1. Name the one entry in I260, I298, I269 that is under 16 Å from the mean Cα position of the chain (by Cα) and among the hydrophobic types (A, V, I, L, M, F, W, C).
2. List pairs: first residue in the stretch 291-303 and farther than 15 Å from T85 by Cβ and open to solvent by 50 Å² or more (accessible area, probe 1.4 Å), second residue assigned to a loop (DSSP other than H, G, I, E, B) and at pLDDT below 85 anywhere in the structure, Cβ distance under 7 angstrom, at least six positions apart or on different chains.
3. Checking F229 against (1) modelled with pLDDT of 95 or more; (2) surrounded by fewer than 17 Cβ atoms within 10 Å (Cβ to Cβ); (3) not small (G, A, S): exactly one of these is not met. Which one?
4. The conditions are (1) assigned to a strand (DSSP E or B); (2) open to solvent by 60 Å² or more (accessible area, probe 1.4 Å), and N252 fails exactly one of them. Which is it?
5. So is D180 farther than 30 Å from F232 by Cα, open to solvent by 10 Å² or more (accessible area, probe 1.4 Å) and touching a Ser or Thr at 6+ places or on another chain (Cβ under 8 Å) or not?
6. If you check I73, I92, which single one turns out to be crowded, with 21+ Cβ neighbours inside 10 Å, in contact with an Asp or Glu (Cβ under 9 Å, 6 or more places away or on another chain) and closer than 23 Å to K231 by Cβ?
7. Looking at (1) in contact with a strand residue (DSSP E or B) (Cβ under 9 Å, 6 or more places away or on another chain); (2) within 28 Å of P167 (Cβ to Cβ), which is the only condition S75 fails?
8. Could you tell me which numbered condition S284 fails, if it satisfies all but one of (1) part of a helix (DSSP H, G or I); (2) in contact with a Lys or Arg (Cβ under 9 Å, 6 or more places away or on another chain); (3) polar (S, T, N, Q); (4) at pLDDT below 95?
Amino acid sequence: MKKIVSIVLTIALLALGAAVSQAAPLKKLKVGYLPTSGHLLYFVAKEKGFFQQEGLDVELFRFTNSGEGLTAIKSGKLDAGSFGTSAPLAFIAKGADFTIFGGQMGEGHALIAKPEKAERFKNLKNYKGATIAAVRLATGDVVFRAALHEAGLDWKKDLTIKEFDSPAAVQEAVKKGAVDAGLTWIPYYTMAEKQGLVVVKYSGDVIKSHTCCRQVAVTSTLKARQADFEKFLVALLKAYRFYQSNKDETVNVAAKYVQIDKADLYKDIYGGHLLVSPDPHKKSVVQFWDFMKQADYITSTEK
């Protein structure tokens with residue numbers, strides 16, 4: 001995978017960013033996000049003024065799923081966004097000129113089911129004959145398909161995967177019994193638990209420390225505005241440092257973008273099933289690319 005880069009951030013840039021940026025007009029960036037606690041680096045950087053400190057005027061645009069957001073990046077409506085790992089890689093496999101240049105979240109997905117069906121899905125081999133709901137191009141979908149492949153199941157023949165446009169639709173399908181189980185992400189699996197469903201298996205239990213949402217931009221945009229994107233990542237690094245040391249305030253900020261009870265939001269963010277980092281984790285993304293090819297999710301000759 002050649003379309004993953006790390007923009008080098010020097011200590012000098014991090015230390016001098018605010019002083020330099022305040023002397024120049026703010027540079028505008030249009031950035032897409034999903035309403036999940038996993039995108040908290042954006043929320044903290046925006047609300048705590050870290051983007052502005054770096055000379056950026058970042059406007060955040062909300063999307064329902066990764067496919068919609070990446071289509072907006074591809075068409076030039078967005079400068080960048082954070083939309084899964086599987087989704088941008090699937091777009092790249094089909095010829096999209098995207099580059100992954102930073103990280104956001106890892107893990108944070110889960111399989112949900114009704115309590116009476118939960119025991120069956122603790123063992124991957126028992127998925128044979130089941131109907132599973134998933135959001136189109138979602139990271140958790142690929143994680144479980146790759147795991148099923150490793151368990152000796154052919155997800156194209158041995159079970160049925162029904163694709164939906166949103167995690168809310170997945171949750172509703174599980175509640176109504178239209179599917180046997182569903183794949184979703186935070187905060188939706190926490191919301192599902194509130195409605196009587198149960199988390200059967202977290203994605204981190206299936207593939208530990210897998211990547212999820214990455215920072216993505218059209219390659220030409222990234223090259224043309226590299227200085228702006230360097231500052232963008234500096235702001236995310238500041239947000240990361242804030243998230244580590246200011247837990248309650250981080251939850252208060254995230255609550256402006258993710259509409260669930262703050263106690264549940266705290267559990268989502270700091271409960272051990274979400275990894276937060278601006279690091280692109282190149283090696284893990286390349287590994288994910290291999291998962292997708294091995295599970296026959298994408299077809300590509302690129303290594």
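The values are calculated or read from the model by the stated rules, or taken from the named source; none is laboratory data. In this text, all values refer to a predicted model and were calculated from it rather than measured experimentally. All Cβ positions, even for glycine, are placed from backbone atoms using ideal geometry, and neighbour counts span all protein chains on display. Keep in mind that these areas ignore ligands, DNA and RNA; they rest on the heavy atoms of the full protein, side chains included. Shrake-Rupley method; radii C 1.70, N 1.55, O 1.52, S 1.80 Å.
1. Of the residues listed, the single one that is under 16 Å from the mean Cα position of the chain (by Cα) and among the hydrophobic types (A, V, I, L, M, F, W, C) is I269.
2. E302/M1
3. Of the numbered conditions (1) modelled with pLDDT of 95 or more; (2) surrounded by fewer than 17 Cβ atoms within 10 Å (Cβ to Cβ); (3) not small (G, A, S), the odd one out for F229 is (2).
4. Among (1) assigned to a strand (DSSP E or B); (2) open to solvent by 60 Å² or more (accessible area, probe 1.4 Å), N252 violates only (1).
5. Values: farther than 30 Å from F232 by Cα: yes; open to solvent by 10 Å² or more (accessible area, probe 1.4 Å): yes; touching a Ser or Thr at 6+ places or on another chain (Cβ under 8 Å): yes.
In short, yes.
6. Values: I92 fails: closer than 23 Å to K231 by Cβ.
Being crowded, with 21+ Cβ neighbours inside 10 Å, in contact with an Asp or Glu (Cβ under 9 Å, 6 or more places away or on another chain) and closer than 23 Å to K231 by Cβ holds for just one of I73, I92, which is I73.
7. Among (1) in contact with a strand residue (DSSP E or B) (Cβ under 9 Å, 6 or more places away or on another chain); (2) within 28 Å of P167 (Cβ to Cβ), S75 violates only (1).
8. All conditions pass for S284, except number (2).
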